[in-house]
Amino acid sequence: MEGYYGVGAIAVICVLILFMGMMKQKTQAFTTFILRAFVGAIGIYAVNGILLSKGVAMVPGINPVTVLTVGSLGISGFALIYAILIYRLL
C-alpha cells in the first residue's frame, strides 16, 4: 500500500515540474511578444518620421493590427508592413 503512495507522489511531482516548465515558456513567449511589439511600434514611428521628412505622405499608422503583426512576426512583420505599403503605392 505504501508503494502506491510513493508512485502517486512521484507522479504528482513530475506533473508539477512539467506545469512549471510550461508556465515558464508561456511567460517567456509573452514577454518576447510584448518586447517585439513595443520596439516595433517605436520602429514604425521612427521610419514614418523619416518618410514624412522625405515627402512621402502615405505611411502606415500605429494601430492594433500593425502592433500585433510586428509583435508576432518580429522584423519580418515590420518588413511586411512596409512591403504592403510599397505595393499599395504601385
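The values are calculated or read from the model by the stated rules, or taken from the named source; none is laboratory data. These numbers were taken from a predicted model, which means no experiment stands behind them. The accessibility values were calculated without ligands, DNA or RNA, using every heavy atom of the protein model including side chains. Shrake-Rupley method; radii C 1.70, N 1.55, O 1.52, S 1.80 Å.
Computed quantities for the displayed model
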{"read-out": "Qualifying residue in region 35-53 (condition: over 30 Å from residue 88 (Cα atoms) and among the aromatic types (Phe, Trp, Tyr))", "value": "no"}
{"read-out": "Test: residue in region 8-21 that is within 21 Å of the chain's Cα centre (by Cα) and at pLDDT below 90", "value": "yes"}
{"read-out": "Region 24-76: number of residues that are under 12 Å from the mean Cα position of the chain (by Cα), open to solvent by 70 Å² or more (accessible area, probe 1.4 Å) and over 18 Å from residue 86 (Cα atoms)", "value": "12"}
